[in-house]
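This report refers to the structure that appears directly beneath it.
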Amino acid sequence: MIQAYNFLYSWQLFPEKGIYEKGERPKSGIYKLTASEERNNLSVEMNWVTLENQAFSSDYVLEADGDFHPMADQGIAEKAKVQFIDSISFEILLLVTEEKSLRIFHEIQKLPPLYFLLFLFLLKILLLLQAAHICILFLQKYAYYG
């Protein structure tokens, strides 16, 4: 489950950022991913509220090896597949009668490298110091004492 490490824990759903091909988008939602005790299994817990304020929840365990496997709870779907695309994105496909019923795709937003953020911070300090130095020179030249 090393591939799943970046995705474990709870995630808040931002419905306005999602793409909903079928059905209505939810008002809000939380999903929690945990590595189950068995080797390649991923435990998924989902809670969401519709635009009409109806609350729903679902939970299931999936084998996370990139292949389709039968679901224990056939009420959710017949088959499911978890695929870790890379270190920042994964998808879950839930199939009912060989048709895609739900695709969950999650991608962690990349942040700028730390050295770039440090560079911007140091540049800002340099500009502030330069502005302060110009102000001191101006005051020394034009300020009247006495």
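Screening the stretch 4-89 for strands (runs of 3 or more DSSP E) wholly inside it with 2 or more residues that are free of Cβ contacts under 8 Å to residues at least 60 places away in the same chain and of a type in the set (Ser, Thr, Tyr) returns the ranges 9-13, 28-35, 55-63.
Across the stretch 27-79, the number of residues qualifying as of a type in the set (Ser, Thr, Tyr) and in contact with a Phe, Trp or Tyr (Cβ under 6 Å, 6 or more places away or on another chain) comes to 1. Residue check: is residue 45 under 17 Å from the mean Cα position of the chain (by Cα) and under 17 Å from residue 94 (Cα atoms)? So residue 45 fits the description; yes.
Residue 78 meets the conditions (1) closer than 19 Å to residue 107 by Cβ; (2) among the acidic types (Asp, Glu); (3) surrounded by 12 or more Cβ atoms within 10 Å (Cβ to Cβ) in every case but one. The failed one is (1).
Residue by residue, here is whether (1) touching a Phe, Trp or Tyr at 6+ places or on another chain (Cβ under 9 Å); (2) at pLDDT below 70; (3) in a strand (DSSP E or B); (4) basic (Lys, Arg) holds:
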| site | (1), (2), (3), (4) |
| --- | --- |
| 94 | yes, no, yes, no |
| 106 | yes, no, yes, no |
| 120 | no, no, no, no |
| 127 | no, no, no, no |
| 131 | no, no, no, no |
| 141 | no, yes, no, yes |
| 145 | no, yes, no, no |
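Is it the case that some residue within the stretch 51-60 is of a type outside the set (Asp, Glu) and under 16 Å from residue 101 (Cα atoms)? For the stretch 51-60, residues of a type outside the set (Asp, Glu) and under 16 Å from residue 101 (Cα atoms): present.
The values are calculated or read from the model by the stated rules, or taken from the named source; none is laboratory data. Note that the coordinates shown come from a computational prediction; the quantities given were computed from them, not determined experimentally. Ideal geometry is used to build each Cβ from the backbone, glycine not excepted, and the neighbour counts take in all protein chains shown.
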